[in-house]
Amino acid sequence: MTSPSSWQPSSSIETLRQRAQITSKIRQFFAQREVWEVETPALSHHGVTDVHLSAFKTDFLHPQAVEYCPLFLQTSPEFAMKRLLVAGSGSIFQLSKAFRNEEAGSYHNPEFSMLEWYRTDFDHWQLIDEVDALLQYTLATEPLSVLTYQNAFIQYCGFDPLEATIETVCKRACELGFELIANDEQDIDVLLQLLCCECIEPNIGREAPVALVGFPASQAALARLEPSDPRIARRFEVYFRGIELANGYHELSDSAELKQRFERDNQTRLSKGKQVMAIDPCFIEAMEAGMPECAGVALGIDRLMMLALNKSSITDVVSFAIDRA
Amino acid sequence: MANYSTNEFKAGLKIMLDGEPCNVLENEYVKPGKGQAFNRVKIRKLISGKVLEKTFRSGDSVEGADVMDTDLTYLYNDGEFYHFMNNDTFEQIAADEKAVGENVKWLVENDECTITLWNGSPIVVTPQNFVELEITETDPGLKGDTAGTGGKPATLATGAVVRVPLFVQTGEVIKVDTRSGEYVSRAQK
């Protein structure tokens, strides 16, 4: 096959048609469960504090303003959807574009499609079951299995990630051939992420999807901690055939704790020479008003399409990848 | 030498790793949704020829390697060094046995070779893809036999041993693919 001219789509029309069918199946899935579809803004006055996310920033000139106002393209619809939950939406889903700067590769396009949904009165276990049902419905997968983060590391890396000191993790990373990073990395979570990416991800979920559960509290993101074991968070990630497909939480709604985590993110950003991100006051106020008990998950739709249609690159499943957008 | 960030790692870039110049072959971007981004980089070590994968933190920098390829004519071996000449400047350069390595068996006087220089010194000598060499010794084959019966070993002028068809005889010049070490044809007269 010759490489297509740059006006042409990155993927075939046939692939895009198949993609449309899967998208409509996803909508059916949620309609059957009475989870309704919402739309939230792609542009927001605030970006997130996540250390490893970089938002696109643009300038808005209001016709009645004299100065430009900075706006951020959303890295996920999470905060806006949680504000809807506080406002009484009940269970909701959204199929939307998310935007992340500095990300491009076989599994990354800076603009990508995300399926995010929230289930009121669900915990993370119930939501994992629902992710499993969705994958069986759209990809005809075998039932999902659960693996703890702790056991995955013991099995594939030979140490307990919840007890290990940074020295142990460094030593192990060196032994496994990652001395270039391990030699000068002070952040234990970066080392754990490295080993997860390189030694665990390629080995799990080969036949059926796997939910990795019980992430260390230091990687809780917006998940609540496990009451019986505060070393871990009620956060899960779903992997299938070497692809990280979804990330979900039993949602933390404690506004004080959330604020603390955002501030800690910003301290880490500072220590890594990254820009500090202002904390979104609307989100904090919403959390203070009280978010209902819920679990939520974000799933990469382009990656789901790659798995469904057996494609090896994200550019094969989107109409116009960034190089020709 | 300049430093290069992982963002600049493209196939063909020469970088230093473990004190050895390396050629970047592939660069893959890997990132957990909520985590640090990495680059999984496939490289070839130029001196040992070893191909390996190394993972870098995205944005990390490494020192570039001052490596360049130059086409020179092979002149002679003085017992210790192999001498090459630039046909434009007549400048000569000597490579040691280590740089020539196994490729010594494809060195034909007055043939062009690619010499890889690191900081000005030869580290790799790569012969042309095809060289023509005389057979100095091979068993006499059966008359009328053509290719396809597995052939027989033949020793060439440089000492290289290749499998040749039975009909090829001592004293003939043959064309060999230096990458695979396989017989291609009789040389065109």
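Ordered from largest to smallest accessible area (heavy atoms of protein chains, 1.4 Å probe), the residues A:E78, B:E172 come out as B:E172, A:E78.
Derived scalar couplings between HN and Hα for segment A:133-150 equal 4, 5, 5, 5, 6, 9, 10, 6, 7, 6, x, 6, 10, 10, 9, 7, 3, 4 Hz in order, rounded to whole Hz, by the Karplus curve 6.51 cos²θ - 1.76 cosθ + 1.60 (θ = phi - 60°), x for Gly and Pro. In the assembled protein chains, B:R179 presents an accessible area of approximately 150 Å² (probe radius 1.4 Å).
Averaged per residue, segment A:1-157 has 52 square angstrom of accessible surface, using a 1.4 angstrom probe with ligands and nucleic acids left out. Within the shell defined by Cβ-Cβ distances under 13 Å, the residues around B:E8 carry a net charge of 0, with Lys and Arg each +1 and Asp and Glu each -1. For the residues of B:26-32, the average number of beta carbons from a partner chain within 10 Å of their own beta carbon is 6. Measuring nothing but alpha carbons in segment B:1-81 and taking Rh as the Kirkwood radius, the Rg to Rh ratio lands at 1.13. Length gained on full extension, B:T89 to B:E8: 25.8 nm, using 0.36 nm per residue less the C-alpha separation.
Using a simple spin-label model with pseudo-atoms 7 Å out from Cα toward Cβ, A:E179 and B:S185 lie 5.0 nm apart. Estimated at 0.36 nm per residue, the fully extended path between B:V161 and B:Y76 surpasses their Cα-Cα distance by 28.5 nm. Note on segment A:16-88: with charges restricted to the Cβ of Lys and Arg (+1) and Asp and Glu (-1), its dipole about the Cα centre is near 440 debye.
Temperature 4 °C, viscosity 1.567 mPa s: under these conditions the Stokes-Einstein estimate for segment A:241-325, based on its Kirkwood radius over C-alpha pairs, is 80 µm² per second.
For the peptides B:112-119, A:309-316, the ranking by mean Cβ contacts within 10 Å, running from highest to lowest, is B:112-119, A:309-316.
For segment A:2-72, the equivalent ellipsoid built from the Cα gyration tensor has semi-axes of 33, 24, 14 Å, listed from largest to smallest.
Here segment A:168-226 is described by how far its Cα atoms reach on the three principal axes: 32, 30, 15 Å, from widest to narrowest.
The magnitude of the dipole of segment B:44-174, with charges of +1 and -1 set on the Cβ of Lys/Arg and Asp/Glu and taken from the Cα centre, is near 740 debye.
Rounded to the nearest 20, the size of the Cβ-charge dipole of the protein assembly as shown about its Cα centre is 1220 debye, with Lys and Arg at +1 and Asp and Glu at -1. Take the Cβ atoms of A:Q32 and A:E207, set R0 to 30 Å, and the FRET efficiency comes out at 0.65. Pairs of Cα atoms in segment A:1-129 fall into 5 Å distance bins, from 0 up to the last occupied one, in shares of 2, 8, 13, 16, 17, 16, 13, 7, 4, 2, 0 percent. Kirkwood radius and radius of gyration were both taken over the C-alpha atoms of chain A, and their ratio Rg/Rh is 0.96. The C-alpha radius of gyration of segment A:141-194, expressed as a fraction of 2.2 N^0.38 Å, stands at 1.27. Shielding by partners for peptide A:276-284, expressed as the average number of C-beta atoms from other protein chains within 10 Å of each residue's C-beta, is 0.
With the whole protein complex present, B:E26 retains an accessible surface near 110 Å², based on a 1.4 Å probe. Listed by chain and number, the aspartates and glutamates whose alpha-carbon sits under 12 Å from that of A:K311, ignoring those within fewer than 8 places in the same chain, are A:D302.
Projecting the Cα positions of A:V238, A:S228, A:S253 onto the charge dipole of segment A:207-325 (unit charges on Cβ atoms of Lys, Arg, Asp and Glu, taken about the Cα centre) puts A:V238 furthest along the positive direction. Which percent of Cα pairs goes in each bin when the distances of chain B are cut into 10 angstrom slices starting at zero? Once binned at 10 Å, the Cα pair distances of chain B give 9, 28, 24, 20, 13, 5, 1, 0. Here the ratio of the Cα radius of gyration of segment A:73-191 to 2.2 N^0.38 Å is 1.41. Per-residue SASA remark: B:S180, around 60 Å² accessible (1.4 Å probe; ligands, DNA and RNA not included).
In this calculation the C-beta distance from A:A325 to A:T165 is compared with R0 = 51 Å, giving a FRET efficiency of 0.65.
Computed as a quarter of the hull surface, the mean projected area of the alpha carbon convex hull for segment A:115-254 stands at 8.9 nm². Amide H contacts for A:A104 (H built 1.01 Å from N in the peptide plane; partners 5 or more residues away or on another chain; cut-off under 5 Å): none found. Interface size, chains A and B: roughly 2000 Å² of accessible area buried, both sides included, 1.4 Å probe, rounded to the nearest 100. With θ taken as phi - 60° and the Karplus curve 6.51 cos²θ - 1.76 cosθ + 1.60 applied, the whole-hertz 3J(HN,Hα) list for segment A:154-165 is 4, 5, 9, 10, x, 8, 8, x, 8, 10, 5, 7 Hz, x standing for glycine and proline. Our Cα-only numbers for segment A:63-108 put the radius of gyration and Dmax at 15.3, 43 Å. Remark: mean inter-chain Cβ contacts per residue of A:202-213 equal 0, using a 10 Å Cβ-Cβ cutoff to other protein chain atoms.
Simple rule: put +1 on each Lys or Arg Cβ and -1 on each Asp or Glu Cβ in chain A, find the dipole, and look at A:V190, A:W36, A:A208; the Cα lying farthest toward the positive end is A:W36.
The values are calculated or read from the model by the stated rules, or taken from the named source; none is laboratory data. These figures come from a predicted structure and were not determined experimentally. So basically every Cβ, Gly included, is an ideal-geometry build from the backbone, and we count neighbours across all protein chains shown. What goes into the accessible areas is simple: the full protein's heavy atoms, side chains included, and nothing from ligands, DNA or RNA. Shrake-Rupley method; radii C 1.70, N 1.55, O 1.52, S 1.80 Å.
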